[in-house]
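Derivation of every value follows stated rules applied to the coordinates shown; laboratory data play no part. Model, not experiment: these values are computed from the prediction. Counting neighbours? That spans all protein chains shown, and the Cβs are built from the backbone with ideal geometry, glycine included.
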Amino acid sequence: MTEDIEDFVGRVRAFLDEHASRRETDAVGVWGQGKDHTGYFTDDPSDVEKAKVDAARAWQRTRYENGFGWITGPAEFGGNGLTTTHDLMYDLIESEYDVPDTGVLSLIGLGMIGPTILAHAREDIKQRYLPAMYSGEVIACQLFSEPAAGSDLAGVQTKAVRDGDIWRVNGQKVWTSVAQHSQIGMALCRTDPDQPKHKGITAFLVDMSAPGVDVRPLRQMSGGAEFNEVFLTDVEVPDDHRLGEVDGGWAVGMTTLMNERASVSGESDGPVTRAQKPEFLGGLLRATGHQSDAAARAKLGALVADLTAAKYMGTQSLRRMKAGSQPGPEASVGKLRWAQNLTRIAHLATDLVGPKAMADTGEWGTYSWNELLLSSPAFRILGGTEEIMKNILGERVLGLPKEPSSDSRTPFNELRRSGNPS
Amino acid sequence: MTEYEEHRGLDAQTLQEVAASLREVFADPATVDDALEELGWNEIAELDPATTTTLLFDTAGHTLATTRLLDDVVRKATGHAGPVAYAAGELVVALGPVDAGADLLVVGQECRTVTAGAVSAVTGFDTGGDWHVIEVGAGSATEPTAGPDILALARRALSAEINGMCRAALGLAAQHTSTREQYGRYLATFQAVRHALAESYAAIELSRVTLEAAWVSDDPVTASTVAKHQAGASQATVMQRTVHVLGAMGLTLESDMHRYVSRAAALDTLLGDHNELAAELGAMLLHGGPADPVASI
Amino acid sequence: MSTPAISHAGAHELDDLRSSVRALLATASDHEAVRAALDTEAGYDTALWNRLAQELGVHALAIPEQSGGVGFGLTELGVAFGELGRAVVPGPYFSSIALAANALLASGDVDAQDTHLPGIASGETVATLAVIEDAGNWQTDGFSTSASPNGSNWSLTGRKLLVTDGADADLLLVAAQTPAGPSLFAVTADAAGLTRTALITLDITRAVATIEFDTTPATLIGAEGSASGILDDVLVRATTLLAGEQVGGARACLELSVDYARERVQFGRAIGSFQAIKHKCADMFAAIEVADAAAREAARALDGFEDSPEPAVAAAVAHAVCSDAFMFVAAETIQVHGGIGFTWEHPAHLYFRRAKSSQLLFGGPAVYHERVLTAHGI
């Protein structure tokens, strides 16, 4: 028996009305008003960043204490036992309110690692971490990618060697978001190099404060450092922190990745959301004197059409989910298009601005487009490259044959591998 | 021999030696001017201005050297003794510091000598450069002091520098994808990657030949506009693709890739970015300008 | 102008509609049958036209009940057009059902509707709409074709340059200029002073004609001077139906491509295993998914569903996105097929021609991208 959606919505609104105020939407997204940031990645100084994380934790705690910390989770760990639809509805309604952005906790930790722990960890570990995560106390990060294992995640080389009741872990992880704020990390490690690559991996929960864990920020070309390298040197991980079976870690990792869900955004005031609004882009067209420029209008018209159609696709997906259907391939198509559309916006905007985009003259809405421009290459790479996404669409949705594989049956030890780049 | 090779004042062997010497010159960016003087650059350049200018700026671009060689070229061609600056849209931009109050030659649609106003270093997109923005009062405009051929010359030099940067970016991308492995094979064995590299190569080749043709054209002013437009358009194509195949590595500050991206974009904006020049060429065609200034059919 | 309330089919009914049209077309109008139909005098399969009208009621779908129709909306009719597009069926379907019927509905002229809609709904009347003149653009005012009063009727003089199915239509709805402004008129095929010349077309599945009027008798439809509003309405509704047809065509192309990519072997493996081909197919798939969403959302908006975008915006977006997508997919389909896709015998070029013509029907990319901006107030 699951709660009626209308009743749930009523409860959610009552909670939010009591603990938060509505977001001011008037001045948001209007050309010329507010700050002219366009970046997807922020470049906050560390004290500002820490304050934001603390506020996120506090809000998550409030949600948890009022029964909205883990909407789909089982009651025994503080969850509500409701459906994905309820979860999406909550997100949609919450976006109307001015509350701290809990993305630092939820995008990876609560959205992906929490469900993995639920599915694969021992009971005592679930008890130890799940309530703590969903109440904002514990932040989790994902220790998956390595310098030599990017798109080919199964190529991980970080080793875990058993020594009695503990495992000793040595290696290097990269592109780890929120590592600097995390208390635990879910790591995929090589435990049997004599097996083919997918078969010799084990998943562990690593205590990020354990000796040997060294987190270093990765500087990205857009200027900020939202990602990290994590060096693991003789880190001791107790066996009770293993997730799933020994050498069964690939399946555990798949659970994690399958839980990746694009968050539903309503009217948020994030810079990237604003940059995709037709009205905002219209303001840019006027401000740069291209109002009557036929070539610019044609490009903008095509772009606005694609942005709006992608939005419709999202709306229809939501409608279908509310009606109980399974999600289709819209999510992959959506991600593909999102990345391409933002790239087009970034280039069109800087083209319209012209030379003022080259140097910061202080004029509103000119140089600031570089934030989006310099972030844009990442959209088609991070979270799954465009090429991999197209492989997935081609193979799993359209049924096209895979490329002949030369490495999925060979023992990992015998594979030709890249070394760590200097 | 191609039509262009016939025009060369230096034979292939000598050119190879010159290219090698230039690579040595630019090996140390701090001593480029002295090294060029030691090499006897002025004498060499006189033997074949077209090929040597292209080689010089291509090497500068390839090594991301921050120099004021373009100023030297403009001064030599105009006889102007003071500092030089360049129109970038509404801005007037110099490659290094300029004294306020100096006699400044501004290269643009019309080349004029003006009195430099306030000068400010810019925290720009290209952090490796030494860009400065100069205020030029409306009242200080004078009669044009140099013809459109100077603008054309500067555009050709900039095109060569942009092309050099694109070559370097492609080199970096090719090297990365030929050594990085995923799924048990080098990235460069995947078609999607190969095709991105091939498209970049084609774009660079297109720029290169367009520039070569601009040096020998009967209408160098228009042809140089075409060359600068092409270099700018190609850099947009090349940088997008090469950054992409570098994957996440290319997104870091540690990688050199972002330096090529930003400087190529910055140079694109000097003396007309590729969009402005497309509009300029379009307007020229609509008013009955020559349809084929680059190739004679 | 008010439209009568429309019925909405449920999801199952829509599926049934889709599969019944698809099944009929699969047996009666495969690619071979399409070629054969193109070679007939009519240029299309008239028996199929009648079967679709009478057995499946396609023509009547979005015509109100009181005018001889079934009273559904663009969502339902869009499904039918999707199937027609998928099978690239030749014939005056778009002219009669999407253009002429919508013009009559938009005019608000009950007498005209009573006179003409039942014939269109039953398939008995082939009708079309004549707008484009020598300038070659879709326009809604300033027509050179003029109408002068002639007793209780009117007479038309002028020339319409590009009229889909103009040479063989039974009924011509013509936009002409009167002193009061642009107005809509009905002209029957047997009218005096009418010269119709069929043109050679890019899309060999859609006939186009030039029509000259020399004091041709005509009947006014709707109020004098009201044609601009009628034509704006027609544009929005017809492009939405066109969008459904374009998506159907694109899907057929993708199926052809994927099937070929799985079968064709080169360099020791199926060509679909090469990234270049695989990614092309993925790109086509992505374009179709987005286009389909846009087409359905526009139909929804025009059918008056709550929680829909503004109809003018959705229609403009659908027209732009579906036109671009179908053209992209049709072109890439030929690429996937390599040399064989370039032959006359292969169906790919039928879709390519349909895609390009459809893209240009109401002005083309510059025009429809501009309409997207205008609809958004930019």
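A:Met186 sits among other residues whose Cβ lies under 12 Å from its own Cβ, and their net charge, with Lys and Arg +1 and Asp and Glu -1, is +1. Backbone phi angles across the range B:72-89, fed through the Karplus curve with coefficients 6.51, -1.76 and 1.60 (θ = phi - 60°), yield HN-Hα couplings of 4, 4, 5, 4, 4, 6, 9, x, 5, 9, x, x, 10, 9, 9, 6, 9, x Hz in residue order; Gly and Pro are listed as x.
Note on C:269-278: average number of Cβ atoms from other chains within 10 Å of each residue's Cβ is 6.
If exposed GluC sites (Glu not before Pro) are those in a DSSP loop with at most 16 other Cβ within 10 Å, what is the longest stretch of chain A that has none? The partial results should precede the final answer.
Details: sites that count: A:Glu3, A:Glu24, A:Glu96, A:Glu137, A:Glu245, A:Glu260, A:Glu267, A:Glu363.
Counting only loop sites that pass the neighbour cut-off, the longest clear stretch is A:138-244.
Once R0 is set to 41 Å, what does the formula 1/(1 + (r/R0)^6) return for the Cβ-Cβ distance between B:Asp149 and B:Tyr201, expressed as a FRET efficiency to the nearest 0.05? E(calc), rounded to 0.05, equals 0.80.
Give, in whole angstrom and from largest to smallest, the semi-axes √(5λ) of the equivalent ellipsoid of the range A:268-338, with λ running over the eigenvalues of the Cα gyration tensor. Can you show the working numbers first?
On the way: eigenvalues 181, 32, 17 Å².
Sorted largest first and rounded, they come to 30, 13, 9 Å.
With 10 Å bins beginning at zero, the pair-distance distribution over Cα atoms of the range A:21-103 amounts to 15, 35, 33, 15, 2 %. Relative to the dominant Cα principal axis of chain B, helix B:274-286 is inclined by about 60°.
When the P(r) is computed for chain B, the part past 25 Å accounts for 50% of the Cα-Cα pairs.
Between amide H atoms placed 1.01 Å from N, distances below 5 Å from A:Thr38 occur with A:Glu371, A:Leu372, all of them 5 or more places distant or on a separate chain. Using the Cβ-Cβ distance between B:Glu135 and A:Gln183 with R0 set to 41 Å, the FRET efficiency works out to roughly 0.15. Extension gain for C:Asp232-C:Ala366 works out to 46.5 nm (0.36 nm per residue, less the C-alpha to C-alpha distance).
Here, the range C:94-223 yields an orientationally averaged convex hull projection of 7.4 nm² when only Cα atoms define the hull. Inter-label distance, C:Ser152 to A:Arg319: 4.7 nm, where each label sits 7 Å from its Cα along the C-beta direction. Report summary: the helix-based calculation at 222 nm, which adds -39500 (n - 2.57) for every DSSP H run with n ≥ 4 and divides by the residues of chain C, gives -16500 deg cm²/dmol. Taking label positions 7 Å along the Cα-Cβ direction at both C:His8 and B:Asp103, the computed distance is 7.9 nm, reported to one decimal. The percentage of C-alpha pairs in the range C:229-375 whose separation is greater than 24 Å is 36%.
Taking C:Gly82, C:Gly166, C:Gly338 as the candidate residues, the one with maximal mean-square fluctuation in a Gaussian network model of chain C, Cα springs under 10 Å, is C:Gly338. The ratio of the alpha-carbon radius of gyration of the protein assembly as shown to the globular-protein estimate 2.2 N^0.38 Å is 1.05. Overall, the range B:3-70 carries a charge dipole of about 280 debye about its Cα centre when +1 sits on the Cβ of Lys and Arg and -1 on the Cβ of Asp and Glu, all other atoms neutral. With a ≥ b ≥ c taken as the square roots of the eigenvalues of the C-alpha gyration tensor of the range C:11-126, please select rounded if a/c is under 1.5 and otherwise prolate if a/b is larger than b/c or oblate if it is not? Oblate, because a/c is 1.5 or more while a/b does not exceed b/c. Taken along the Cα-to-beta-carbon direction at a fixed 7 Å, the label points for C:Arg264 and B:Glu254 span 4.4 nm. In chain A, the alpha-carbon atoms span a convex hull of 165 Å³ per residue.
Other residues lying with their Cβ under 10 Å from the Cβ of A:Trp31 contribute a combined charge of +1, Lys and Arg counting +1, Asp and Glu -1.
For the range B:54-207, the relative contact order is 24 percent, taking Cα pairs closer than 8 Å that sit 6 or more residues apart in sequence and dividing their mean separation by the residue count. Which of A:Ile392, A:Ile184, A:Ile71 ends up with the largest GNM mean-square fluctuation for chain A, with Cα atoms connected below 10 Å? Among A:Ile392, A:Ile184, A:Ile71, the largest GNM mean-square fluctuation belongs to A:Ile392. For the range A:137-250, taking the reciprocal of the average inverse distance between every pair of different Cα atoms yields a Kirkwood hydrodynamic radius of 14.0 Å. Going down the table (A:Lys35/A:Lys173; A:Lys335/C:Lys278; C:Lys278/C:Lys356; A:Lys52/A:Lys356), which pairs top 27 Å between alpha carbons? Exceeds cut-off: A:Lys35/A:Lys173; A:Lys52/A:Lys356. Shown is the FRET efficiency for A:Asp44 and A:His19, computed with R0 = 25 Å from the Cβ-Cβ distance and rounded to the nearest 0.05: 0.50.
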